[in-house]
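Quick notes on the structure that follows.
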Amino acid sequence: MSIEPSAIEIRRLTAVARRELGDAAIRGLSADGSFEHAYVAALTAATMLIRGHGERIHGPEHHRLTFVRLGELADGRWASAANYFQHCRVRRNRSMYDLAGGVSAAEASELRVQAERLLAEVHDWLRAQRPELLS
């Protein structure tokens, strides 16, 4: 079932992703905390793309399924990124629930860079394919 997205929804998701990227860059934040914020930004950017396709993912395993779908959309354009984010999802879960200090500052920084890149690419895709969602 297709659920059409709205410009308001995309605007709100963009604000969440940007907030999370800003929070990920806060000096003095633990690497785990920075990684978590960057992860949420990546998940939100992937969600924006999925919504731009008129789809919605929710329920059990929605994080995993969001990145699976990211890899499938646009003829696999983001397949490599989706694999990377799946790896980060596993690292994030371990960091959040099992092991404090299990993520390095370099890993957190790289995830932030990749999340920023995905957000920019999703905006480019929306501008080209669904410009009405950016109004």
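Each value in this text was obtained by applying a stated rule to the coordinates, not by laboratory testing. On a predicted model such as this, the values are computed, not experimentally measured, just so you know. Please note: Cβ atoms are built from the backbone with ideal geometry, for glycine as well, and neighbour counts cover all protein chains shown.
Every residue, every condition in (1) touching a Ser or Thr at 6+ places or on another chain (Cβ under 8 Å); (2) surrounded by fewer than 14 Cβ atoms within 10 Å (Cβ to Cβ); (3) closer than 20 Å to Leu134 by Cβ, yes or no:
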site: Pro5; (1), (2), (3): no, no, yes
site: Phe35; (1), (2), (3): yes, no, no
site: Ala42; (1), (2), (3): no, no, yes
site: Gly59; (1), (2), (3): no, yes, no
site: His63; (1), (2), (3): no, no, no
site: Phe67; (1), (2), (3): no, no, no
site: Gly76; (1), (2), (3): no, yes, no
site: Cys88; (1), (2), (3): no, no, no
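Just checking, does region 90-109 include any residue being of a type in the set (Phe, Trp, Tyr), loosely packed, with under 14 Cβ neighbours inside 10 Å and assigned to a helix (DSSP H, G or I)?
Checked region 90-109: at least one residue is of a type in the set (Phe, Trp, Tyr), loosely packed, with under 14 Cβ neighbours inside 10 Å and assigned to a helix (DSSP H, G or I).
Taking the condition free of Cβ contacts under 8 Å to residues at least 60 places away in the same chain and touching a Lys or Arg at 6+ places or on another chain (Cβ under 7 Å), does Ile26 pass?
In short, no.
Restrict the check to region 9-31 and report whether at least one residue is among the hydroxyl-bearing types (Ser, Thr, Tyr) and over 19 Å from Ser109 (Cα atoms).
Yes, some residue in region 9-31 is among the hydroxyl-bearing types (Ser, Thr, Tyr) and over 19 Å from Ser109 (Cα atoms).
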